[in-house]
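Peer 1: My questions will all concern the structure given below.
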Amino acid sequence: MRIFIVSIIAVFSIILGSCDHRELCYDHEHWIDLEVGFDWTAAPESNPVTMVVWFFPEAPDAEGGPRSYEFGGKNGGSIRIPAGNYRAICFNGGTETLLERGSSFEDFHITTDTQDILGPMNRSMDVTPRPKPGKDEDVKQAPETLWSAQLTEFKLSGGVANQKVTFKPTESTRKVHIRITGVENYSTDISVSAAMTSLSEAWSISGQTGCNKNVTMPISISATVEGVLEGEINIFGHCHSEELTHILTIYSSNKYYWNFDVTDNMHEAGPTGLIEININGLKIPDPEGTGMTPSVPGWEEGEDIHIDML
């Protein structure tokens, strides 16, 4: 009987010892507390509602696969994550236009939804004139400001305290400002909008560049002072695969449109900063009107354009 009792105690000791070991491995060796921070020195004026972080384990069979975490504001915070080797990306969340796509570090990108080309005027037409370079492009909504960054090949060690990763986001979208002066016959009875061709459909966070196909994006245009129309648009970049022609089309609600080749403005603007497009001379026809003659510094004067939209 004494031998039997001793054997039972030995068996329970082994079982309890095994349970303690698994708990120790889970809490103190395999999972860790990690501090996630953001260095905003490259974008000090940023104001994200939230920041989203994705961690991609290098091991294909890693527990749980990719993991995402969201932090309110721009300051980061603490998370709990399995130890291992990772790559990671971050971007701002809480937006109306930015959409997440992709499931790996390499193919994860941010894009936008489709939009009618006359969406800024709250109009929809089955047949809307499109410039030949860009005629077959999809029309996508312009993005809100995107901030993003990536980290490659870092290790989170089990059993090590006070580990931290820090992202340094930069502004990934770029602003284009359009100013049209010398506008004639504009009135509040006429709505005006624009669209630009050959813009990147999405932003690759791991590559930090525009990606996917080329699309056309509509632009809101409004009067700022008498004789002047202005508008702004964020873009993910342009010509990510080759240099293309960029056509800016101005549409009016009384079914006229005008095309301007703004390729030089886009290509000569440099790699960063605001892109300025200035156009002088736009005559919006009145009911008896005959069109307009574009006259932009550095461009040859075009012939009169007075084509009704179908």
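The values are calculated or read from the model by the stated rules, or taken from the named source; none is laboratory data. Keep in mind that this is a model prediction, so the values were computed, not measured. Side chains are part of the model used for accessible areas, which takes the heavy atoms of the whole protein and leaves out ligands, DNA and RNA. Shrake-Rupley method; radii C 1.70, N 1.55, O 1.52, S 1.80 Å.
Peer 1: Treating cross-link reach as a plain straight distance, find the lysines whose alpha-carbon is under 25 Å from the alpha-carbon of Lys140, omitting any fewer than eight places away in the same chain.
Peer 2: By straight Cα distance, Lys140 reaches Lys132, Lys175, Lys213, Lys255.
Peer 1: Still on this structure: List the residues, sorted by chain then number, that are 5 or more residues from Cys211 or on another chain and whose placed amide H is less than 5 Å from its amide H.
Peer 2: Here the answer is Glu201, Ala202, Trp203, Ser204, since their amide H atoms fall under 5 Å of that of Cys211.
Peer 1: Another question, if that's okay. Rolling a 1.4 Å sphere over the protein heavy atoms, what is the accessible area per residue of region 42-144, to the nearest Å²? Please list the in-between numbers first.
Peer 2: On the way: 5270 Å² over 103 residues.
Dividing the accessible area of region 42-144 by its residue count gives 51 Å².
Peer 1: Once you have the alpha carbon radius of gyration of region 25-138, what is it after dividing by 2.2 N^0.38 Å, with N set to its residue count?
Peer 2: That works out to 1.49 for region 25-138.
Peer 1: Whose amide H sits under 5 Å from the amide H of Gly73, counting only residues 5 or more places off or on another chain, with H placed in the peptide plane?
Peer 2: Sorted by chain and number, the residues that satisfy this are Thr50, Met51.
Peer 1: Taking the Cα atoms of region 179-239, what is the range of coordinates along each of the three principal axes, in descending order and whole Å?
Peer 2: 46, 16, 15
Peer 1: Enumerate the calculated ³J(HN,Hα) couplings along region 83-97 in order (Karplus 6.51 cos²θ - 1.76 cosθ + 1.60, θ = phi - 60°), each rounded to whole Hz, writing x wherever the residue is Gly or Pro.
Peer 2: 5, x, 9, 9, 10, 8, 9, 9, 6, 7, x, x, 10, 9, 10
Peer 1: Given the protein chains as shown and a 1.4 Å probe, how many square angstrom of Lys135 are accessible, to the nearest 10?
Peer 2: Rounded to the nearest 10, the figure is 130 Å².
Peer 1: How big is the convex hull of the Cα atoms of region 120-178, per residue, in Å³?
Peer 2: Working: hull volume 12.2 nm³, N = 59.
Convex hull of Cα atoms, per residue: 207 Å³.
Peer 1: Please list the non-local residues whose amide H lies under 5 Å from the amide H of Leu282, H modeled 1.01 Å from N, same-chain partners needing a gap of 5 or more.
Peer 2: Val183, Glu184
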